[in-house]
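Novice: Have a look at this one before I ask anything.
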Amino acid sequence: MGLIGDTVDSIKSIQTRQLLSQAVSLGMIVTSALIIWKALMCVTGSESPVVVVLSGSMEPGFKRGDILFLHMSNAPIRAGEIVVFNVDGREIPIVHRVIKVHERQDTGEVDVLTKGDNNNGDDRLLYAQGQQWLHRHHIMGRAVGFLPYVGWVTIIMTEKPIIKYILIGALGLLVITSKD
Amino acid sequence: MHSFGYRLNGLLTFSVTILAVMCAMASLSDNLNTPSPSAEIQVTNINRFQKQPRGNDEVSLTMNISADLQTLFTWNTKQLFVFVAAEYKTPKNSLNQVSLWDAIIPSKEHAKFWIQTSNKYRFIDQGNNLRGKEFNLTLHWHAMPKTGKMFADKIVLTGYSFPEEYR
């Protein structure tokens, strides 16, 4: 009861200047998070330096809810590497392993076939209609490291958006009622 | 300053920081390991060697694969993904890698093994260049950790070649 009473009291006593300075500090936090994200994108050379594993196609190595750290370099793509790629027309990137590589002598371009460790067949069914091979421009990065379980936060927030709203609401309340 | 909210916030921040430090240290401890793996592959039989109607060569072969990969396991290793790939060069392609067989080794006890198997995945060339061609068989492994950086390496075995004629 004391906590709720304090909260109601502090909402009543908000002054304009205090509100503005709190809004500015909130903006600073958001923009510094954005700066860190963009810097990570530059350092790793990949459009999304961290991805969450969404399916069980790479079990038991990567389970749903793990996060992967990606890095993209100009080094050639070789069999065995775990790559993240986008298929034309699908927005969700796929994380699978390269099982076949054919690299052209003259142009250096490469045909790549991938397969999930836990799948029986290769990924030709996932590629676009008529597409037999992946090319370099489809590949967003190679997985170089991983952390287990941390991605569940993202999965829960995507699949049950109500939790996202509750979290943001609680954070907003915390910001408004803090005395700093 | 001493309310429940502040204390919870401090506790959570501290525990997340400690967890992150532990994960980083676990990953760094993998660098202390010096592995010494060994492997041998014999091609016991070429079962089929034909040209498909589309013009591409296809091979089916049986191999004996034996390997000792026990030294690659550390306390931070969750599993080892092992695969055998054939590597060869053709006039059009500077490098071709075709994975023939793979397996997941979940623990150190399973890391010393011998297996006789035909190729799990179809070995199809881009073109019909395989007659009489020399190729390497490489045993690759990919160590997937419980947390942190993944390691991959390979052993290259040379001296294999396809027959001169289709059969």
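Novice: For B:ASN129, are the conditions met, namely being assigned to a strand (DSSP E or B), more than 9 Å from every other protein chain (Cβ to nearest Cβ), polar (S, T, N, Q) and open to solvent by less than 50 Å² (accessible area, probe 1.4 Å)? If you could, list the steps in order and put the result at the bottom.
Specialist: Details: assigned to a strand (DSSP E or B): no; more than 9 Å from every other protein chain (Cβ to nearest Cβ): yes; polar (S, T, N, Q): yes; open to solvent by less than 50 Å² (accessible area, probe 1.4 Å): yes.
The answer is no for B:ASN129.
Novice: Listed residues A:GLU109, A:GLU47; which is surrounded by fewer than 16 Cβ atoms within 10 Å (Cβ to Cβ) and within 13 Å of the chain's Cα centre (by Cα)?
Specialist: Numbers: A:GLU109 fails: within 13 Å of the chain's Cα centre (by Cα).
Result of the check over A:GLU109, A:GLU47: A:GLU47.
Novice: Next question. Taking region A:112-135 only, how many residues are assigned to a helix (DSSP H, G or I) and open to solvent by 30 Å² or more (accessible area, probe 1.4 Å)? Reasoning before the result, please.
Specialist: Quick first cut of region A:112-135, residues assigned to a helix (DSSP H, G or I) only: A:123-125.
Checking the rest, the ones that are also open to solvent by 30 Å² or more (accessible area, probe 1.4 Å) come to A:124-125.
Total meeting the criteria: 2.
Novice: When you check A:LEU34 against the structure, is it within 12 Å of another protein chain (Cβ to nearest Cβ) and open to solvent by 80 Å² or more (accessible area, probe 1.4 Å), yes or no? Reasoning before the result, please.
Specialist: Values: within 12 Å of another protein chain (Cβ to nearest Cβ): no; open to solvent by 80 Å² or more (accessible area, probe 1.4 Å): yes.
Against the criterion (within 12 Å of another protein chain (Cβ to nearest Cβ) and open to solvent by 80 Å² or more (accessible area, probe 1.4 Å)), A:LEU34 does not qualify.
Novice: Listed residues B:GLN70, B:GLN52; which is of a type in the set (S, T, N, Q) and under 30 Å from B:GLU165 (Cα atoms)? Quick ask: steps written out before the conclusion?
Specialist: Details: B:GLN70 fails: under 30 Å from B:GLU165 (Cα atoms).
Just one listed residue meets the conditions, B:GLN52.
Novice: Condition first: open to solvent by less than 20 Å² (accessible area, probe 1.4 Å), part of a strand (DSSP E or B), away from chain A (no Cβ under 13 Å) and under 14 Å from B:ALA85 (Cα atoms). Can you find one or more residues in region B:132-146 that meet it?
Specialist: Yes: one or more hits.
Novice: Is it the case that A:VAL24 is within 14 Å of the chain's Cα centre (by Cα), at pLDDT 85 or above and among the hydrophobic types (A, V, I, L, M, F, W, C)?
Specialist: Numbers: within 14 Å of the chain's Cα centre (by Cα): no; at pLDDT 85 or above: yes; among the hydrophobic types (A, V, I, L, M, F, W, C): yes.
So A:VAL24 fails the test.
Novice: If I ask for residues that are closer than 21 Å to B:ASN9 by Cβ and modelled with pLDDT of 85 or more, which ones from region A:120-151 would you list? Before you say what the answer is, go through the steps one by one.
Specialist: As a first pass, look at region A:120-151 and keep what is closer than 21 Å to B:ASN9 by Cβ: A:150.
Correct list: empty.
Novice: Name the strands (runs of 3 or more DSSP E) wholly within region B:3-112 that hold at least 3 residues that are touching a strand residue (DSSP E or B) at 6+ places or on another chain (Cβ under 9 Å) and within 14 Å of chain A (Cβ to nearest Cβ)? First the steps, then the outcome.
Specialist: Working: elements: B:38-51, B:57-68, B:77-88, B:93-105.
Qualifying strands (runs of 3 or more DSSP E): B:57-68, B:77-88, B:93-105.
Novice: Limited to region B:113-126, what total is found for residues that are within 15 Å of the chain's Cα centre (by Cα), surrounded by fewer than 17 Cβ atoms within 10 Å (Cβ to Cβ) and outside any strand (DSSP E or B)?
Specialist: Number of matching residues: 1.
Novice: Every residue in region A:151-167 that is more than 23 Å from A:GLY56 (Cβ to Cβ) and of a type in the set (Val, Ile, Thr), please.
Specialist: Of everything in region A:151-167, those that are more than 23 Å from A:GLY56 (Cβ to Cβ) and of a type in the set (Val, Ile, Thr) turn out to be A:ILE162, A:ILE166.
The values are calculated or read from the model by the stated rules, or taken from the named source; none is laboratory data. Values in this document were obtained by computation on a predicted structure and should not be read as measured data. Don't worry about glycine lacking a Cβ; one is built from the backbone with ideal geometry, like all the others, and counts go over all protein chains shown. Protein only, heavy atoms only, side chains kept; ligands, DNA and RNA dropped before computing areas. Shrake-Rupley method; radii C 1.70, N 1.55, O 1.52, S 1.80 Å.
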